[in-house]
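Chemist: Could you have a look at this structure, given as structure tokens, before my questions?
The values are calculated or read from the model by the stated rules, or taken from the named source; none is laboratory data. All values derive from a computational prediction rather than experimental measurement. Cβ placement follows ideal geometry from the backbone for every residue including glycine, while neighbour counts extend to all protein chains displayed.
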Amino acid sequence: MSNSKPGYTATSEVSRVRAKRTLWENIIRGLRSAPPTALFGMLVITAYVVIALFAPLIAPYGESEVFPIPYAPWSDEFLFGTDQLGRDVFTRLVYGARNTIGIAIMTTILAFTIGGGLGLVAAINQKWLDQFLSRFVDVLMAIPSLIFALMLLSIFGSSILNIILIIAVLDSTRVFRLTRAVALNVVVMDYVEAARLRGEKLGWIIRREILPNIMPTLVAEFGLRFSFVFLTIAALSFLGLGIQPPTADWGSMVRENAGLIQFAEYDITAALTPLLPAGAIALLTVAVNFVVDWFLHKTSGLRDE
Amino acid sequence: MSNIDKQRGDILLEMRDVRIDGYSDDKWHKIIKGVDLTLRRGEIMGLIGESGAGKSTLGLAAMGFARPGCKISSGTINFDGMELTTASASQCRALRGSRITYVAQSAAASFNPSHRLIDQTVEATVRHGIKPDSEARADACILYGDLQLPDPDNIGSRYPHQVSGGQLQRVMTAMAMSPRPDLIIFDEPTTALDVTTQVEVLASMREIVEKYNTAAIYITHDLAVVAQMADVIKVLRYGETVEEAETRKMLSAPEEEYTKSLWAVRSIEKEGEKNDDVILKINNVDAAYSSSVKVLHKVSIEVPRGRTVAVVGESGSGKSTTARVITGLLPPMSGDVQFNGEVLPKDLASRSKDQLRKIQMIYQMADTAMNPRHTIREIIGRPLEFYLGLRGNKRDDRLLELLHLIELDESFVDRLPSELSGGQKQRVCIARALAAEPDLIICDEVTSALDQIVQKGILELLLKLQKDLRISYLFITHDIATVRAISDEIVVMFQGAVVEQGPKSEILTPPFPDYTKLLLSSVPEMDPDWLNNLLAERQNEQTA
């Protein structure tokens, strides 16, 4: 390896080459090094996804099938009892996973498409368009988002489409800010300048030069944003303006059965019934946060000392 | 803690068979592979080697410190009777900042921007209880004076952004000197400075170290700098000692082949040639970043075909701005750029693909000039696709040709930039520029971030490419040795204007205009008396 003057060649310069691994090997290696919290989070998320996908197979009854006994206690027939109309609570929990998670994911994807796209454009433009978009976002963010969402929903009506659109637009403001901030750090790099000098179009610069470099941050933000969207939907449903009956949804399930809590001194299981959907919401949010924390730590390159 | 009773010449620091490992990619790598080092009181040792040789790691180990992810795996580090490898964290902490201090490479990044300079200068001294606050502050002002900072009594009340880079580096030296340490470690303190500033900083550093009889370890990759500073020079490579000798002996008769190669770049000398066929002509260009601050004043430069024009000047002289005007990134306020006889549109967006193709650029920092997520295939392949429409096998064939042209081989095709060494990165950048088959390449300080031996390789490659492909270069640099090696013509810039322009032989021979003279005389030479002579000469001129 001696490359003193006579034997000097460019190829013999020392550089550290990483082992080439397939994607699958990388995933296995990543999982091995994951802390227990992240593994727990992934396990919970997987379970939710499985339940949401196979809801009709798991649920013992139909989503809005009504039985003659309202507020039935927990039993073999109705695992978690029935609600105020006589619908099986366990069945509605299972279907609720499908509806609430599905709507939250769609909303988050939409929020990222709007916010991320505009954020990138603003970061590259850095002139009047950036100013216009950023100030507009400031205005939107100045209004408390839950109240704003409530107002818009009462104007346009609470259809599922409206819920998705309104929450997505409101949440895209945060995505916009983050995307713009991280993209600004990449836009000033020489390789972006080199691409511009080459004469590359805007789309190519965004897709090939900038996006790959800000992806880890955006993926982490996607997880967090999903949690917030999920909570917002649940909150709106709890307030009666979210997902409308008879569609099963965790937020409205809490509201509909909230009265049962007062019966705790007579039947502890009855009091637990409204807490089950609330717990389901909490568990998923915590699980997503565990995974995001680990992912952020991994990609930020911080070293444990 | 006084060192009155300590004799000059006593052994202060003794490192025996020190080995340091670094952790990355799930493995421990050897960084320092058994180095011995002996430093006596009042002695300055120069540690020299290329990047990755382990200089900084060894320098930090002298404080008993290993960077995060590194560990001192074996050996002994004895500082004035105290064993640092086994010392507790609090014992080491008591030593650092009081008896051993450290001057970092980037002063701008090392100061806290929200505290005044003097508060930061005395912080460690007061905290270690060496001097009371008022005394330390008074002493700091004396040190500022010793280091020839302007207005030493008041400069300390400024914030870091209010002084220049060279001044900041001197304030950091004052900070290191404040507790009157036994040992100061200088880690490339002048690398980030202009040559004209470097001279003053070097002189004041050496003076203060001598005045207080402090031992020092001076880490650098520039042999000419270390020749001015050090009593003893130790050459490191791959974590091992190559050679150690007294400075004069080392310079006059280096034993190892490798040591000789350290100043290899100074051995290239190009015969300046003339060519009247002008490829690029800049006429009376004025440019500004905002309407109020003008950066370029009536700049006119001509680049002959197949020749190299070096643009020389310190930072802020408008060298890089000129390059931005040529490439169209910064449309000039007035004046024009002619290329191959035709006037180029001022704005990048209105230039044709072919006009863009013919002017390519190579950047100073190859790290940031390549997208870290693209493989070499994508980086070099893209201009082939974009400009020449080559796809699939045709593209890959040309890619390999280019790789061979820059003296790399096909094993590099699927690597990412982070898997290349500094020199290899710069070569890939050159290949990316060549892929466009340009007439003119603008080289913006392309060698200044590289080690001497790698610099030599890159410069030789550029010269060979010019000979084979008749490419013209506009070579922006502040290093006169590089200029000697590569240029045919020289343009000297100062504060946004061209001071002098002409063939190399003319510019580099006296008589010089004032600024050219200052610039040329500030370039360190491989002579241990160079700094002394230069200072004496400048002193004489002032009194005369």
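Chemist: Go through (1) closer than 16 Å to A:Asn125 by Cα; (2) more than 19 Å from the chain's Cα centre (by Cα); (3) surrounded by 20 or more Cβ atoms within 10 Å (Cβ to Cβ); (4) at pLDDT 90 or above one by one and return the number of the condition A:Met189 breaks.
Modeler: Tallying (1) closer than 16 Å to A:Asn125 by Cα; (2) more than 19 Å from the chain's Cα centre (by Cα); (3) surrounded by 20 or more Cβ atoms within 10 Å (Cβ to Cβ); (4) at pLDDT 90 or above, A:Met189 fails exactly one: (4).
Chemist: Something else: Out of (1) within 14 Å of chain B (Cβ to nearest Cβ); (2) at pLDDT below 80, what's the single condition that is false for A:Ser64?
Modeler: (1)
Chemist: Mind listing whichever residues of segment B:248-302 are more than 14 Å from every other protein chain (Cβ to nearest Cβ) and hydroxyl-bearing (Ser, Thr, Tyr)?
Modeler: Residues satisfying the conditions are B:Ser252, B:Ser291, B:Ser292, B:Ser300.
Chemist: Restricting attention to segment B:439-460, and to residues there that are closer than 20 Å to B:Ile326 by Cβ and within 11 Å of chain A (Cβ to nearest Cβ), which single residue is modelled with the highest pLDDT?
Modeler: Checked segment B:439-460; the qualifying residue modelled with the highest pLDDT is B:Ile442.
Each row is one residue, and each column tells you yes or no for (1) of a type in the set (Ser, Thr, Tyr); (2) touching a strand residue (DSSP E or B) at 6+ places or on another chain (Cβ under 9 Å); (3) not in a helix (DSSP H, G or I).
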| residue | (1), (2), (3) |
| --- | --- |
| B:Gly129 | no, no, yes |
| B:Ser134 | yes, no, no |
| B:Asp139 | no, no, no |
| B:Ile142 | no, no, no |
| B:Gly145 | no, no, no |
| B:Asp151 | no, no, yes |
| B:Gly156 | no, no, no |
| B:Gln167 | no, no, no |
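Chemist: So which residues in segment B:408-425 are within 7 Å of another protein chain (Cβ to nearest Cβ) and either part of a loop (DSSP other than H, G, I, E, B) or modelled with pLDDT under 85 (or both)?
Modeler: From segment B:408-425, those within 7 Å of another protein chain (Cβ to nearest Cβ) are B:408-409, B:415, B:419-421, B:423-424; that's our starting set.
Answer for segment B:408-425, where residues must be within 7 Å of another protein chain (Cβ to nearest Cβ) and either part of a loop (DSSP other than H, G, I, E, B) or modelled with pLDDT under 85 (or both): B:Leu408, B:Asp409, B:Arg415, B:Glu419, B:Leu420, B:Ser421, B:Gly423.
Chemist: If you take the residues in segment B:346-373 that are closer than 23 Å to B:Asp286 by Cα and among the small types (Gly, Ala, Ser), which one is farthest from the other protein chains (Cβ to nearest Cβ)?
Modeler: Taking the candidates together, the pick is B:Ser350.
Chemist: Taking only pairs six or more apart or across chains, which ones have beta-carbon atoms under 9 Å, a first residue in segment B:459-472 that is farther than 16 Å from B:Ile442 by Cβ, and a second residue that is at pLDDT 90 or above and of a type in the set (A, V, I, L, M)?
Modeler: From residues that are farther than 16 Å from B:Ile442 by Cβ, the pairs are B:Leu461/B:Ile430.
Here is a yes/no grid of residues against (1) of a type outside the set (Gly, Ala, Ser); (2) modelled with pLDDT under 90; (3) surrounded by 22 or more Cβ atoms within 10 Å (Cβ to Cβ):
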site	(1), (2), (3)
B:Val299	yes, no, yes
B:Val303	yes, no, yes
B:Gly306	no, yes, no
B:Val312	yes, yes, yes
B:Ser315	no, yes, no
B:Gly318	no, yes, yes
B:Thr322	yes, no, yes
B:Pro331	yes, yes, no
B:Ser334	no, yes, no
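Chemist: Going through segment A:166-193 one residue at a time, which ones are within 11 Å of chain B (Cβ to nearest Cβ), in a helix (DSSP H, G or I), in contact with an Asp or Glu (Cβ under 9 Å, 6 or more places away or on another chain) and not β-branched (Val, Ile, Thr)?
Modeler: Correct list: A:Asp190, A:Tyr191.
Chemist: Please verify whether B:Leu531 is part of a helix (DSSP H, G or I) and of a type outside the set (Ser, Thr, Tyr), treating the condition exactly as stated. Don't jump to the end; show me each part of the working.
Modeler: Details: part of a helix (DSSP H, G or I): yes; of a type outside the set (Ser, Thr, Tyr): yes.
So B:Leu531 fits the description; yes.
Chemist: Considering only helices (runs of 4 or more DSSP H) fully contained in segment A:18-96, which possess at least 1 residues that are aromatic (Phe, Trp, Tyr)?
Modeler: Details: elements: A:23-33, A:36-53, A:55-58.
Here the list reads A:23-33, A:36-53.
Quick grid of which residues meet (1) buried (at least 24 other Cβ atoms within 10 Å of the Cβ); (2) among the acidic types (Asp, Glu):
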residue: B:Gln167; (1), (2): no, no
residue: B:Pro181; (1), (2): yes, no
residue: B:Asp194; (1), (2): no, yes
residue: B:Val209; (1), (2): no, no
residue: B:Tyr218; (1), (2): yes, no
residue: B:Leu251; (1), (2): no, no
residue: B:Glu273; (1), (2): no, yes
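Chemist: Can you name the number of the only condition in (1) more than 9 Å from chain A (Cβ to nearest Cβ); (2) farther than 30 Å from B:Phe339 by Cα that B:Lys467 fails?
Modeler: (2)
Chemist: So which helices (runs of 4 or more DSSP H) stay within segment B:308-394 end to end and still have 1 or more residues that are touching a Phe, Trp or Tyr at 6+ places or on another chain (Cβ under 7 Å)? Break it down stepwise before answering.
Modeler: Working: elements: B:319-327, B:353-358, B:366-369, B:376-388.
Filter on segment B:308-394 gives B:353-358, B:366-369, B:376-388.
Chemist: Going by what's in this entry, would A:Asp76 be described as more than 28 Å from the chain's Cα centre (by Cα), on the phi < 0 side of the Ramachandran plot, crowded, with 16+ Cβ neighbours inside 10 Å and not hydroxyl-bearing (Ser, Thr, Tyr)? Give the steps one after another, and end with the answer.
Modeler: On the way: more than 28 Å from the chain's Cα centre (by Cα): yes; on the phi < 0 side of the Ramachandran plot: yes; crowded, with 16+ Cβ neighbours inside 10 Å: no; not hydroxyl-bearing (Ser, Thr, Tyr): yes.
No: the conditions fail for A:Asp76.
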